[in-house]
1. When segment 60-74 is examined, which residues are found to be out of contact with any Ser or Thr (no Cβ under 7 Å at 6 or more places or on another chain) and of a type outside the set (Phe, Trp, Tyr)?
2. Would you point out which residue out of Leu22, Leu57 is under 13 Å from Val118 (Cβ atoms) and of a type outside the set (D, E, K, R)?
3. Somewhere in segment 54-67, is a residue touching a helix residue (DSSP H, G or I) at 6+ places or on another chain (Cβ under 9 Å), touching a residue at least 60 places away in the same chain (Cβ under 8 Å), surrounded by 10 or more Cβ atoms within 10 Å (Cβ to Cβ) and among the aliphatic types (A, V, I, L, M)?
Amino acid sequence: MKKNTIMTMAGLAIAAAILILLMAATPASSGIELPLKELLENQEKHKDDFVTVEGLLIEESIDWNADDIVLKFDVQDEEGHTMHVVYEGVRPDNFSEGVIAILQGYLGEENTFNAESVQTRCPSKYEGEDMEDYDPEFHKEKLGEPSSEE
């Protein structure tokens, strides 16, 4: 074989290997994001899909098995639809009442989600302060701007 043919074949093999690794390492890029209600109503349709879904954590449902590193819990949406979640991995730090759980994974048995990743966010951290007590002069002082009273 010619040297150019061998180099071309080697380059194609390397490019194919990189493409396969990228596809295997990023299943979320081919996944879908669904509201909890829609996922529960269409379980058969989405049983083979990689799904991102979120729900409010129900604290009394938390079952943490530290020996097997298995976390089981329930989430619900604002309409009260509930789904059971099974996650094999480390329990998130702020895993308590009032936390929104962002889940990625696959549907298991009926109304059960097998999570590959669990992230949390606390909605109260992102809410603004009450605007009734807002003092624009205070912020001008903090920013070093002269107040209108001067």
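1. The initial filter retains those residues of segment 60-74 that are out of contact with any Ser or Thr (no Cβ under 7 Å at 6 or more places or on another chain), namely 60-72.
Hits for segment 60-74 are Glu60, Ser61, Ile62, Asp63, Asn65, Ala66, Asp67, Asp68, Ile69, Val70, Leu71, Lys72.
2. On the way: Leu22 fails: under 13 Å from Val118 (Cβ atoms).
Just a single option satisfies the conditions, and that option is Leu57.
3. The answer is no, given that none of the residues of segment 54-67 is touching a helix residue (DSSP H, G or I) at 6+ places or on another chain (Cβ under 9 Å), touching a residue at least 60 places away in the same chain (Cβ under 8 Å), surrounded by 10 or more Cβ atoms within 10 Å (Cβ to Cβ) and among the aliphatic types (A, V, I, L, M).
Readers should treat all values here as calculations from the given coordinates under stated rules, not as data from a laboratory. This structure is a prediction, so every number in the text was calculated from the model and none was measured. A quick note on method: Cβ atoms are made from the backbone with ideal geometry, for glycine too, and the neighbour counts reach across all protein chains shown.
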